[in-house]
Each structure stands twice: as C-alpha cells, then as structure tokens.
Amino acid sequence: MTHWIVAPIILPALLAPFIVLAARYHIGIQRVFSVTGVIALIALAAGLAWSVSDGSVIYYRLGDWAAPFGIVVVGDRLSTLMVLLTSVLALFVLLYAIGSGWDNRGRHFHALFQFQLMGILGAFLTGDLFNLFVFFEVLLIASYGLMIHAGGNTRLRAGVQYVLFNLIGSTLFLFALGAIYAETGTLNMADLAERVKLIAPEETVGIRVAAVLLLLVFAIKAALVPLHFWLPSSYAEAPAPVAALFAIMTKVGAYAIIRVYTMIFPPELEVTSGLHDLWLLPAALVSLAIGMIGVLAAKKLDRLVAYSIIGSMGMVMVAISLFSPAGIAAALYYIVHSTLAGAVLFLISDLVRTGRGSVDLSTEPPMLGTALTAGMFFAGAIAMAGLPPLSGFLGKLLVLDAAYGNTLMVWIWAVVLSSSLISVVGFARAGSVVFWKSHGAVAAEPDEDRLRPSVLSYAAVGGLFALLALHTVFAGQVHGYTTSMAKELFAPEVYKSTVLETPGKLSKPKEKED
Amino acid sequence: MELLVASAIGVMTAAGIYLVLRLRTFPVILGMSLLTYAVNVFLFTSGRLKIGAPPVLRDDVTVYTDPLPQALVLTAIVISFGMTAVVVMIGLGAFLGSDDDHIDDQPDTGETGGQS
C-alpha cells in the first residue's frame, strides 16, 4: 500500500492554513509557497500517473479500515490523469494570477486557491460517494470565496446566485445519497457496484430515483442544459484566473458521471436503462447547441467564453452519453482539450480587459499589447471552435467517429457540425469587433484603466498554448492512453478487487455480508 | 411513526421548494434551511427507524440501529450550517451594495440580464 496517493489531498490541505496563519500579510511569501506547492503537486501527480500507467490501481485506506467500512482513496488511470491535468492547469492559472496582480486585489487568494485544489483533487481520488459529496463541498466552499474575490456589487450578486444554486445541488446530492444508502446499505463505489446488481427487478424504485437524482447533481456540476443557468453569470463575473480554474470544475461533474455510470450503474444494467441514451444524449446535444448559440449572441467577451464552456461541456457529454469505449475515450481526450482551451480563453478575456478597460463587444480604440493579445485570441478561438490544426478539431473528429453507427447518429453529426459553424461565426464576429475594427476608432477621452499586461501574464497564457500544442502533436499517444483507460472503465474488475479484497482492519468481507 | 416522519420530510421539502422559488434572498435562504432540515431527517431515516436501540454492537444487544446515517447526518448538518452562514453574508453584502435582493438577473440593469 503506497502512501503517495493521499499526498495530493494532504499537501494543499496543509499549505492553505499555513498560508493563512503564517504568511497572512506577506503576499510575496504566499506566492512562493503557493507556486512551490503546485509544482510539488505536478511532480506528485506525474509520479502517480506513471505508476498506474500499466493499468494497476493504487489504493489507500485511511486508518487502515477495510473497504466498505473505512474511507478509501483510489487512483486508477482516469483519476490520476485528471489530477495531473488539474495541477498543471493550476500552475499556469496561478502564474497568471500573480502576473496580473489579481491575487493582491483581495485577501486570502492563495489560501482559497489551495483549498480549491484540495477539493478538486479529493473529488477525483475518492473511492466513496459520501466523500465525493464532502470534497464537492470543500471545492464549492473555496470557490465561493474565490468567486467573490476582489468584491464589487455585480460580482457579489452573481456570487449569491452561484452559491444558492450549488446549495440546492448539494441538497439533491444528499437526498440521492440517503436513497442509495437506504437501498443498498453502502456508499463505497466498488461495493455499490456489486450490490446494485443484486437488487431484484421488482424492488428497484428507490435505486432508480437515486440514480436519476445523482445524475441531476452531476449534470448541475457539468452545466448540462437545462441545469446550466448558474454558469454564465458566475463564470463571467468571477475574476479571470478563478474562472480559468473553474474550467476544471465542470469537468469534475463529467468525471463523476463517467465514474458512477460506468461502474455502479453501467449501461447494460436493467435498472437505469434508458437513462443514458434517452435522457442524457438529447440534453447534451441541446447544451452543445445552446452554448454555441450563446457564443454568437453574447454582448461581452467574458460571457462569450462562459457560453463556449457550456458548448464544450455539451460536446463532452455527447461523447460520454454514447457510453461505448470509443465514446468515453473521445470524451476524455476532449476533456483535456476543453479544459485547457476554456482556461486560455478566460485568461485572454482578462488580457483584453487589462489592455482596453472593458470586455464589451463594441468598437473601441486599439488596446495596449493588441498584436499579441489578438494573435492569442485567434489561436484560442481556433482551439475552442474546433478548427484544424489544434486539438479541438481532433477531439471533434474522435467524437464524430465514436458516434458513427449510433441510432441517433444523424442528429449527433448535424448538431456537432452546425454548432461548430455557429461558434466559428460567433468567435469571428467577436474577434473582428474587438481587434480589427478598433484601428479606425479614436479614443473619446484618455482612460486610466488601460494597462499593458505583464510579461508573466503572457507567459502563463503561452504555457497553456504550449500544452494545447503538445496535446495536438501527441494526440495519437494520448488517445491510445484514453482508449485503454476507457476499456478499463467498462471492465472495472481490477478496481473492484483491489478495493474490496485488500485486507485491512475489520476485513472479513465474505462473512460481513448478510 | 413512519407516516409521521415521511410526511414531515415531505411537508418540509414542499415548503422549502416553494420558498426557494420566491427568488428573493430572505425567503430563498429560509427555504434552503427547510430543505436541509428535510434532507437531514431523510438521511437519518435511511438507516431504518428504530426506537430505543443502541448504535453500537455489544454482546448482550440483539437489536441495534445503524450508526452510519448518524455520522452522515452530523457531517451534513455541519456543512449546511456553515453554508447558510456564508450565503447570508454574501447575500447581505450584495443587498447592501446594490439595494436589491433579487436572486435572478434583472433585465433593467443591463449588466447581467438578457441571456440566462
């Protein structure tokens, strides 16, 4: 039993109170500790991902209590990939926050940032549904603080919406957990997967309700239409680096859907048949369409990016809701891409805000640093809209390929392709208004809000672009990896046997079952 | 007793949902509190209702009640209590700042209205 698997949760959990208690008034020390911590996280995550890359499962029992009774932390290929993605994204977001000075516009940015990482990484690593709830709460509590970081009335109002929507989501989650516990008597995922199969067909009312409630909760997290209403305002009003980090939060919902609905409620299970193809797929298609139409309709750059996040989550959910190994592999490839692309676009919208004083899609005089910002927006828009040569295009091809032969194939292809076109038009319109037309405009009055973005800000955005380029160049290897991951997800025998059969305190699993 | 507990959960949930749909901070926060009370009782009953049974295994005890839902409820109570405090503070800040306690986006402000 390796202890390293729990380190990505422990490290930020220790670092955050240290930053609050010891370095409260020293932004320099906070920055050093925060960046060092995130770099250490990347090293940890890379080591963990390497050690499970052969298909093994690392497993840690807290307090050494055996599986259905104690709390477990489990790392397989999927969760370690998400941990690695989160920590790499966090590094560049943190560099941007430092470069742009966002971390100094309110208190406790770095402490909240570390707590946020703890929640996200915990949600990826836990092997227990109730702890998934607890880590959701940890990441949400930290995100409430980050969302209203630096204050302001519009931000506070958007914050109220965001907090209340997520509180309702948490309440639903608890109802789902209560129903699952009442039906099965366990909340450990591997144990649940074994027990749900044993429920007699005529007694499935409770577990059906629980499965649907759980799907609703994760769909709220993943901002699936019609549960997406919290996203546009809160992501647009949140500080840009925070919104960029939030790009991974919608993926937590997607991850939870993949994990729970391949292992506990797999597609071939009688209890939840129809949930995936009858409900999830149409909702995902509508999300994709609404998101991209929102891109075309947005009046501000930050809101445009927020809608493009909804659209890309729609694409991810289309691929997931196929619930075939090819679909899940494509979804995982696209998740990495859309996280990076979404974060890049939020950071660029902040570059625009810094250089120009506003993010309205209206003609204004050229911003400071316009050439570089415009070039980056161009590349980011290509990535998000899914045009060649960047990874969005490859991801979209994989999704289309996975959908080939599905009964709803015509619909999937039509919506994916036409929404791509709409998003291209939307991004082109925004880019031409913000960057091209500005050359004819004259400044009405000199504006003190306009600043040249710092070199570190550009470097952070450039780093994310480098990752996107790597994701494109090594697409073959990445897709091969996600394909083997998807196969493992649909045959989780290794996962279950590692969790349930490794001995620990109280471990007599055969005798305990009644 | 099952009927009593079940109807209590149902009534609290219904009242909570009604209040949440009022879309003003005060009723919505009250509604959220009612919903969390409902979910706490619901979680508590997910280990089956038993009266006068201890939650620990002992040699001389034959009837015992499931201790896990009690632990879950405790966690849920702590989290919901903390969250209510947070949302009251943020809601108060938003109300004092913009003199408006609507939860939803108002179209007339032009700032956040329109699309969602």
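The values are calculated or read from the model by the stated rules, or taken from the named source; none is laboratory data. These figures come from a predicted structure and were not determined experimentally. When we count neighbours, we look across all protein chains shown, and the Cβ atoms used for this are built from the backbone with ideal geometry, even at glycine.
Can you confirm whether segment A:491-512 contains a residue that is over 20 Å from A:F69 (Cα atoms), buried (at least 17 other Cβ atoms within 10 Å of the Cβ) and modelled with pLDDT of 90 or more? Within segment A:491-512 (the criterion being over 20 Å from A:F69 (Cα atoms), buried (at least 17 other Cβ atoms within 10 Å of the Cβ) and modelled with pLDDT of 90 or more), the answer is no, since none of the residues qualifies. Residues in segment A:28-60 that are buried (at least 16 other Cβ atoms within 10 Å of the Cβ) and more than 19 Å from A:T80 (Cβ to Cβ): A:Q30, A:R31, A:F33, A:S34, A:V35. Summed over segment A:226-247, residues that are away from every other protein chain (no Cβ under 11 Å), over 15 Å from the mean Cα position of the chain (by Cα) and within 21 Å of A:S170 (Cβ to Cβ) total 3. Of the candidates A:V217, A:V160, the single residue that is in a helix (DSSP H, G or I), touching a residue at least 40 places away in the same chain (Cβ under 8 Å) and of a type in the set (V, I, T) is A:V217.
When the residues of segment A:197-219 are filtered to those that are within 24 Å of the chain's Cα centre (by Cα) and surrounded by 20 or more Cβ atoms within 10 Å (Cβ to Cβ), the one that is farthest from B:V88 (Cα to Cα) is A:A211.
Just one residue in the set B:T84, B:T45, B:T36 is more than 7 Å from chain A (Cβ to nearest Cβ), in contact (Cβ under 8 Å) with a residue 40 or more places away in the chain and closer than 30 Å to A:G152 by Cβ; that residue is B:T84.
Restricting attention to segment A:377-424, report how many residues are assigned to a helix (DSSP H, G or I), crowded, with 17+ Cβ neighbours inside 10 Å and in contact with a Gly (Cβ under 8 Å, 6 or more places away or on another chain). Here the count works out to 16.
Being touching a Leu at 6+ places or on another chain (Cβ under 8 Å) and not β-branched (V, I, T), is that true of even one residue in segment A:429-445? Yes, there is a match, as at least one residue in segment A:429-445 is touching a Leu at 6+ places or on another chain (Cβ under 8 Å) and not β-branched (V, I, T). Test each condition in (1) assigned to a loop (DSSP other than H, G, I, E, B); (2) free of Cβ contacts under 8 Å to residues at least 24 places away in the same chain; (3) not basic (K, R) for A:H228 and report the one that comes out false. Of (1) assigned to a loop (DSSP other than H, G, I, E, B); (2) free of Cβ contacts under 8 Å to residues at least 24 places away in the same chain; (3) not basic (K, R), only one is false for A:H228: (2).
Selection of segment B:92-107 for residues being in contact (Cβ under 8 Å) with a residue 12 or more places away in the chain and either basic (K, R) or facing another protein chain (nearest Cβ under 7 Å) (or both) yields B:A94, B:I103.
Considering only residues in segment A:144-178 that are more than 8 Å from every other protein chain (Cβ to nearest Cβ) and among the hydrophobic types (A, V, I, L, M, F, W, C), the one that is farthest from B:S80 (Cα to Cα) turns out to be A:A150. Summed over segment B:1-35, residues that are buried (at least 18 other Cβ atoms within 10 Å of the Cβ), modelled with pLDDT of 95 or more and either of a type in the set (S, T, Y) or not in a helix (DSSP H, G or I) (or both) total 1.
When residues of segment B:49-80 are filtered for being loosely packed, with under 12 Cβ neighbours inside 10 Å and either within 11 Å of chain A (Cβ to nearest Cβ) or hydrophobic (A, V, I, L, M, F, W, C) (or both), how many remain?
Going through segment B:49-80, the residues loosely packed, with under 12 Cβ neighbours inside 10 Å turn out to be B:51-52, B:56-63, B:78.
Subset that is either within 11 Å of chain A (Cβ to nearest Cβ) or hydrophobic (A, V, I, L, M, F, W, C) (or both): B:51, B:56-57, B:61, B:63, B:78.
Within segment B:49-80, residues that are loosely packed, with under 12 Cβ neighbours inside 10 Å and either within 11 Å of chain A (Cβ to nearest Cβ) or hydrophobic (A, V, I, L, M, F, W, C) (or both) number 6.
Residues considered: A:F136, A:F115, A:F124. Of these, the only one that is out of contact with any strand residue (DSSP E or B) (no Cβ under 7 Å at 6 or more places or on another chain), touching a residue at least 12 places away in the same chain (Cβ under 8 Å) and either away from chain B (no Cβ under 14 Å) or at positive phi (or both) is A:F124. Of all residues in segment A:187-196, one or more are part of a loop (DSSP other than H, G, I, E, B), within 14 Å of chain B (Cβ to nearest Cβ) and surrounded by fewer than 23 Cβ atoms within 10 Å (Cβ to Cβ). If you go through segment A:163-185 and pick out every residue that is in contact with a helix residue (DSSP H, G or I) (Cβ under 6 Å, 6 or more places away or on another chain) and either outside any helix (DSSP H, G or I) or of a type outside the set (A, V, I, L, M, F, W, C) (or both), you end up with 6.
Assessment of segment A:179-186 against the conditions (touching a residue at least 12 places away in the same chain (Cβ under 8 Å), more than 8 Å from every other protein chain (Cβ to nearest Cβ) and touching a Lys or Arg at 6+ places or on another chain (Cβ under 8 Å)) yields at least one matching residue. Looking at B:M89, is it facing another protein chain (nearest Cβ under 7 Å) and part of a helix (DSSP H, G or I)? No. The set of residues in segment A:286-306 being of a type in the set (S, T, Y) and either part of a loop (DSSP other than H, G, I, E, B) or within 11 Å of another protein chain (Cβ to nearest Cβ) (or both) is empty.
Note on segment A:61-90: residues that are surrounded by 19 or more Cβ atoms within 10 Å (Cβ to Cβ) and not in a loop (DSSP other than H, G, I, E, B) amount to 19.
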